[in-house]
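Note sheet for the following structure.
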Amino acid sequence: MTAGPVLSVRDLVVRFRVHGRPTTVVHGVDLDISPGETLGLVGESGSGKTVTVLAATGLLPAPPVCTVRGTVLLGSRDLLTMDRRTLRSVRGREIGMVFQDPMTSLHPSFRVVDQVAEALLVHDRALARGVACRRAIELLEQVGVPHPGRRAGDYPHQWSGGMRQRAMIAMAIANRPRLLVADEPTTALDVTIQAQILEVLRAARDGTGAATVLITHDLGVVAQLADRIAVMSAGRIVETGPAVEVFAAPGHPCTRILLSAVPRLDRPAAPRPEPVRGPAVLEVRDLVTHYRTPGDRTVRAVDGVSLRLAAGETLGLVGESGCGKTSLARTVLRLVDATSGSVLLRGTDITQARGRRLRVIRRSLSMVFQDPYSSLNPRMTVGEIVAQPLRVAGRFRAEGGARRVADLLDLVGLDPGLAARLPGQFSGGQRQRIGIARALALSPEVLVLDEPVSSLDVTVRAQVADLLSRLQRELGLAYLLIAHDLALVRDLSDRVAVMYLGRLVETGTRDQVFGHPMHPYTRSLLAAVPVPDPRCRYSVPLMPTGDPPDPADPPSGCRFRTRCRIATAECPEVVPELVPRAGGDHFCACIHPAEIPLRRGP
Amino acid sequence: MNRRYLVRRLAQLPLTVAAILLAGFLLIHLAPGDPVVALAGQSGDAEYYAYLRAKFGLDKPLPTQLVIYAGNVLSGDLGTSYVLGRPVAEAIAERLPATVLLTGSALVLSTVVGISLGIYGARRHGRWPDTAVNLTALTVYAAPVFLIGQLVILGLALGAGWFPVEGMTDARSSVTGLPRLLDIAHHLALPALALTSQEVAAVARLSRVGLLDELRQDHIRTARAKGVAEGVVVRKHALRRALLPVVTVLGGRVGHLVAGAVIVEAVFGWPGLGRLLVTAMQNRDGPIVLGVFLLVAVTVVVANLLTDLLYSWLDPRVRYG
Amino acid sequence: MSDTAEAAAGRLEAGTPAPAPGSVRRVLRTPGGAVGASLVLLWVLVATLAPVLAPTDPFAVDGPPLAGPSGDHLLGTDSLGRDLLSGIIHGARTSLVVAGSVAALVAVIGTAVGLVSGLLGGWLDDVLMRFTEALQVLPRFFLALVVIAFFGPGLDRLILVLGATSWPLLARVVRAEVLALRHREFVDAAVVGGASRLRIALREILPNAVPPALALLGLVVAQVILIEASLGFLGLGDPNVTSWGTLASEAQRFLRVAWWLTVFPGLAILLVVLALNLLGDLLVDALAGRR
């Protein structure tokens, strides 16, 4: 291997033609990656980090659309002036690439094994097909796909996102490349799967000795792997340095913004006012929601959940995607019907209510939705959207008509003068405020917040979270908060419930659950949240293993046992009940609750 | 769409055929005007009318006629032509080869040429060859078939004199073997060109858009990043799914081609089913019209079914859905 | 005759539901959209003002037979000495009447079937969709041919048969939109807000489900015009009105001596169909959320 850098980018300029007008997206980027080094290329979306790497490897569209200038030396050869044949022999053989979205990055009509084998066959004409397939299965085994030989006939749509991303990594390292490029490899994945994939990437890098470029907007992710950091903003590199130094003393404002956007579970939580132990406004008892799939299977989305929400408090509900938390919320709101169990609103069961009575009950229960784009009717003005619940309830006049709408908009920090506009003219943050105003129109007591900030820009998230806190204080609202961002849940919640495969596994105050997690699932969930500090990387023994099981066919006994690192022979036999531990109001459903508190931070 | 869908489509087939049969039968028999009068003229005597009625089974009640007709159709008997006085099946069988030759060659030609043009345009996206292909296709697609036929005759037959104006063979020649085949091919060229051009345009547009969409997909970037050659990326990775929109309309295209054939046969005097149909309509020859309609409808229904099967083969997500 | 319309319906069904308003205005600003819209507008204007614009009555013998284009007869005359330009101008009227009436029928039937099917679901949806699929498979041109052949030529029955058989694509798209819209969060928000099913159907779903289907109407109508012209060409046009297809049919006999008789009516059809396809395609793409 040469002593110089593996990849050396000099004065890279990329121009796109957008609607006939040329726009420069990368303005003269210089980068060096030494052998064996891992470079973290970080920046907000649109900062040009992905374009930089695609331009360097010749994967951008052809000239009229897009022009690239500069030099990109791989060893001593310039990738930008190389003829197409040579460039093709470099791609996949000397440079391996992993892309963002594993759901779309594999060809849907070819078997996964064949796609991995193709990476080998393309660069070795002499290789027999059967040999390549066997080697592909070995590679899949190496990146942690369970029993790849048995799944040789599978197509990508039969695999989970995590497994597909493993297949992408297997493809990228198939020819032991000198350079491994991973472009937002975990952005589309759950935090637990993200932790697994980052471990696979680390092992892949260590196994091949490849120099690695990890592109991401998440400084928590980059801290897990990178030796050196380059921060990009608006098409330029604004800061570079060893990872430890950049994290300890970020120099550029952009770096500081990126750093502040990372959820910090290692820092103290935001203070909450003393929890009021008022009467329960909402009580969920043994709630069960099952769905029938088209294949006539029963998905046990919610499978016996009990919850209690007091007036003025926030209950945070956390868990991986597919654990049933959204189904639970939709059942509470009667958007889907419960299979059994009850939902009591101020003591009245609402699961059986119909027609007019249901509509009256619904007034004290409302919801803020995840997607600010899909949650507002594009053909109604903002004023109509906010007024709709009032009109439906026949209280538009009584509540003051247009004045009430103006007050609501004012309450959420929007100019009431904008009521005549259509939602299309507002930003994501503003739209989410409109959604909140609509939810407040009938002065509800309980608000269900389903991922209320996850679709928003990082900078806007904090503002909307602050607004929600303020409204709760001023109006005495009770929140049922569903979010995958554990730091947000910690900051906004009084109590927390952890859900896994349709069941609650742990509940308690936020200090109990976050400070002294007892269930192995809670512990692995918390451990999987990356800390943006290179000195504080994942602790492997806490990682959950594998994918969540199929909710239509959950494991017997404890449902988490298939991924649990401390499972014993008893676990498949006994269904663990939520029982109080230590503090009395800290409940955990595990026969081996951990006694040792989870350690975070250096 | 999944297996159950396909099974359902198969089960639907006889139902659709029955519906077609019923629709056609009712249409013809509820139409104003009496075929017997059309056949024998206004002044025929009542006895002759009754004789004709009995001969063609028209004296029985409508439901009985329908049952008899359906039974006959299932056993391959499409009835007897009022005008030609011979079995409908025979008359159709005589004309069928010419139409199959015409539509078949147009189908093959439009698929091959259309897809090639689509690939040609998509791989030069945004540059002038792409624009030229796209605009030409758009224009040709909007042109009525008879206009193309007439222009082709004006230009290549009457103008340049390279091809015959009409017919399927040179009437005077009685040659057989290869020279006869060449003679037919010479006569076929212009009608096939006229019939296929609109289809070429449609297929070219669909495959161009399909390929452009597909080349933008993430998995194409993955293939390129693996080092797969560009030609292989297009042929192996992109084309398979890019042609799904082309496959989707395959059933419809068969119907379109047969309809176009009726026009083209009129323009070029091609002795196929279209001519038979138009003549039969002028003579109010119900059995022939119904027979041709039935044949076309069943062909289109079967073509649609095959399209669905082909679709599920191209997209495993459908197969395992 | 529905290749691109069928593919466009597929794109609409797969596209994002509830596109933001304003897509139509953006389409009209593109070169293709502007050309398409202008031609359609021109067609409508000529058709409406036909008696004023046409130099003579289309049936009046006004000059020597088979005279080529000249100052007297800009587009020449036919075998009876009738002015071709007047024929084409009045033909525009016929095509507009047929296209407009079929469009209205198709819009009403297609929207109604799609809405009922999508909103109510269950066995009614099953029955309606099986019927729609079966109807879609039937070759429309042949159906029209058979009807005209047996009931005699006439615009009324042509409109009825084409209107009654051209709606399946629209119904499919409306239904797909309704099904997709039902899972949109703003519909959930209306349910949570206590809105009744009727209110949700009329206020939330209908206004968002119909525009994409209407974009498809342009493509469907283009096919209708081609069918009308083809029937006219086969001599099955309404004898009481002038139609482009009938004009072209006459041209067939005089191909050797009077090229103008075939070129000009054909060109008129081509331009209108081209304009409708161009506009329809762009609108479909815009409303499928692709631009």
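Laid out as a table, the results:
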{"quantity": "Candidates C:A222, C:A248 - the one that is surrounded by 24 or more Cβ atoms within 10 Å (Cβ to Cβ), in contact with a Pro (Cβ under 9 Å, 6 or more places away or on another chain), in contact (Cβ under 8 Å) with a residue 12 or more places away in the chain and within 11 Å of chain B (Cβ to nearest Cβ)", "calculated": "C:A248"}
{"quantity": "Residue check, A:V505 closer than 29 Å to A:V222 by Cβ and not charged (D, E, K, R)", "calculated": "no"}
{"quantity": "Answer residue from region A:93-109, given it is in a loop (DSSP other than H, G, I, E, B) and modelled with pLDDT of 90 or more and is farthest from the other protein chains (Cβ to nearest Cβ) among those", "calculated": "A:E94"}
{"quantity": "Failed item, numbered, when A:V72 is tested on (1) part of a strand (DSSP E or B); (2) among the aliphatic types (A, V, I, L, M); (3) within 25 Å of A:L259 (Cα to Cα)", "calculated": "(3)"}
{"quantity": "Residue list for region A:568-593, filter: without any contact (Cβ under 8 Å) to a residue 12 or more places away in the chain and part of a loop (DSSP other than H, G, I, E, B)", "calculated": "A:A569, A:G584"}
{"quantity": "Residue list for region A:361-396, restricted to those being in contact (Cβ under 8 Å) with a residue 24 or more places away in the chain, more than 7 Å from chain C (Cβ to nearest Cβ) and not in a loop (DSSP other than H, G, I, E, B)", "calculated": "A:L365, A:V368, A:V382, A:G383, A:I385, A:V386, A:A387, A:L390"}
{"quantity": "Residues satisfying the stated conditions in region A:408-426, i.e. away from chain C (no Cβ under 14 Å) and over 22 Å from C:A195 (Cα atoms)", "calculated": "A:D410, A:L411, A:V412, A:G413, A:L414, A:D415, A:P416, A:G417, A:L418"}
{"quantity": "C:A176 vs. criteria part of a helix (DSSP H, G or I), within 14 Å of chain B (Cβ to nearest Cβ) and of a type outside the set (F, W, Y)", "calculated": "yes"}
{"quantity": "Count of region A:136-176 residues which are without any contact (Cβ under 8 Å) to a residue 40 or more places away in the chain, buried (at least 20 other Cβ atoms within 10 Å of the Cβ) and in a helix (DSSP H, G or I)", "calculated": "5"}
{"quantity": "Every residue from region A:48-85 that is surrounded by 18 or more Cβ atoms within 10 Å (Cβ to Cβ), β-branched (V, I, T) and within 14 Å of chain B (Cβ to nearest Cβ)", "calculated": "A:T50, A:V51, A:V53, A:T57"}
{"quantity": "Criterion: crowded, with 23+ Cβ neighbours inside 10 Å, in contact with a Gly (Cβ under 9 Å, 6 or more places away or on another chain), modelled with pLDDT of 85 or more and away from chain B (no Cβ under 14 Å) - qualifying residue of C:A229, C:A209, C:A190", "calculated": "C:A209"}
{"quantity": "Set B:R216, B:R221, B:R240: member being charged (D, E, K, R), free of Cβ contacts under 8 Å to residues at least 60 places away in the same chain and at the interface with another protein chain (Cβ under 7 Å from one of its Cβ atoms)", "calculated": "B:R221"}
{"quantity": "Residues located in region C:146-161, provided they are more than 8 Å from chain B (Cβ to nearest Cβ) and either in a helix (DSSP H, G or I) or over 17 Å from C:G245 (Cα atoms) (or both)", "calculated": "C:I148, C:L155, C:D156, C:R157, C:L158, C:I159, C:L160, C:V161"}
{"quantity": "Within region C:80-112, considering residues that are of a type outside the set (G, A, S) and farther than 22 Å from C:R157 by Cβ, the one modelled with the lowest pLDDT", "calculated": "C:L80"}
{"quantity": "Those residues of region C:202-231 which are farther than 26 Å from A:P378 by Cβ and of a type in the set (D, E), in sequence order", "calculated": "C:E228"}
{"quantity": "Failed item, numbered, when B:G252 is tested on (1) more than 8 Å from every other protein chain (Cβ to nearest Cβ); (2) under 30 Å from B:P129 (Cβ atoms)", "calculated": "(1)"}
{"quantity": "Yes/no for A:S327 being out of contact with any Pro (no Cβ under 9 Å at 6 or more places or on another chain), hydroxyl-bearing (S, T, Y) and free of Cβ contacts under 8 Å to residues at least 24 places away in the same chain", "calculated": "no"}
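Yes/no matrix, rows are residues, columns are (1) more than 8 Å from chain B (Cβ to nearest Cβ); (2) assigned to a helix (DSSP H, G or I); (3) out of contact with any Phe, Trp or Tyr (no Cβ under 9 Å at 6 or more places or on another chain):
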| site | (1), (2), (3) |
| --- | --- |
| C:V241 | yes, no, yes |
| C:V257 | yes, no, yes |
| C:W260 | yes, yes, yes |
| C:G266 | no, yes, no |
| C:L278 | no, yes, yes |
| C:L283 | yes, yes, yes |
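The values are calculated or read from the model by the stated rules, or taken from the named source; none is laboratory data. As the structure is a prediction and not an experimental result, all values here were calculated from the model. Glycine gets a Cβ as well: all are built from the backbone with ideal geometry, and neighbour counts include every protein chain shown.
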